[in-house]
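A quick write-up on the structure given underneath.
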Amino acid sequence: MTRASAAERLEVERLGSGPPIVFVHGSVVGAARTWRHQRPLAAAWTLVLPNRPGFGASLPLARGDFEAEAPLMAALLGGGAHLVGHSYGAIIALYAAALGADSVRSLTVSEPGCLRVAAGMPQVDEQIANGELLYAHAADLPPRDFLLAFRGGVGSAHPTPDPLPEELLHGVRLLQRERPPWDADPPLETLREASFPKLVISGGHAAVFEAVCDAVAQRIGARREVIPGRGHTIPATGEPYNACLRAFLEGA
């Protein structure tokens, strides 16, 4: 994936000045909503906020797919950037960091949905089974029912209004055909060998995500932090998340 093709496919907002940080959002909602509490970081860094394919004005793929999207995000690293991903976007960031390791200044991921890295733990195996059941019936469920089940499973703190506004309805339709996150087998060994600093954050709300984050951190040699208060929706904690990220980036 060339930088030109990435620029042609993705809508990207840039804020601030200083060393760049590429932020990769997750499912359902786009960059502006996911990272709205991180905008104060633009006082010291350039925030690069791409909308994933299908979100905002970014051109869609046949379906959301962490492997297909990783080259697009890696292309945004340019000559060097910090890389931050949340949820499904954290899986994309893991793949993108391996693809563009020479351009990664640091990697931060919060609660990636790559559940199989902790397979064998009963709660993790149960969550994968429940997720597979939900996706098997994706075409049969009304969008709001699907979103409620999905958000309940991951521990999202986002409200789910009734009826769904157009932004959420569009996001759920993307979600219903997205490649399931538990299909991911991110290149953790490659990332462990990379020299850039790594940080893995969880929300302290679910044994499943604590196990996944522990496994990812251990396997890539990352610093490990817990930021409670908003369940899976960790960037929405605002200043606690920003302070953690700020300290990590300054150290990196």
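The values are calculated or read from the model by the stated rules, or taken from the named source; none is laboratory data. Values in this document were obtained by computation on a predicted structure and should not be read as measured data. Note that each Cβ is placed from the backbone with ideal geometry, even for glycine, and that neighbours are counted across all protein chains shown. Ligands, DNA and RNA are stripped out before the accessible areas are found, and what is left, the full protein with its side chains, is counted by its heavy atoms. Shrake-Rupley method; radii C 1.70, N 1.55, O 1.52, S 1.80 Å.
What residue among Gln218, Tyr241, His205 has its Cα farthest toward the positive end of the dipole of region 162-252, where the charges are +1 on Lys, Arg and -1 on Asp, Glu, each on the Cβ?
Selected residue: Gln218.
Over the Cα atoms of region 199-252, what is the Rg over Rh ratio if Rh follows Kirkwood?
Computed over Cα atoms, the ratio is 0.97.
Rounded if a/c is under 1.5, else prolate if a/b beats b/c, else oblate: with a ≥ b ≥ c from the C-alpha gyration tensor eigenvalues square-rooted, which is the chain?
Here the chain falls in the rounded category.
Compute the Kirkwood hydrodynamic radius of region 1-130, taking the inverse of the mean of 1/r over all pairs of distinct Cα atoms, and give it in Å to one decimal.
14.9
I need the shape label for region 121-225. Rule: rounded when a/c is under 1.5, else prolate if a/b > b/c, else oblate, with a, b, c from the alpha carbon gyration tensor.
Note, shape of region 121-225 comes out prolate.
In terms of the Cα gyration tensor, with a ≥ b ≥ c the square roots of its eigenvalues, is region 47-189 rounded because a/c is under 1.5, prolate because a/b exceeds b/c, or oblate?
Oblate, because a/c is 1.5 or more while a/b does not exceed b/c.
On a C-alpha basis, how far is the centre of region 53-72 from the centre of region 25-42 in Å? Whole number, if you could?
17
What whole number of Å gives the distance from the Cα centroid of region 212-252 to the Cα centroid of region 108-185?
21
Using a 1.4 Å probe over the heavy atoms of the protein chains, calculate the carbon and sulfur portion of the accessible area of the chain as a whole percent.
After summing per-atom areas, the C and S share lands at 52 percent.
Give me the percent of DSSP beta bridges within the chain that run antiparallel, rounded to the nearest 5.
15
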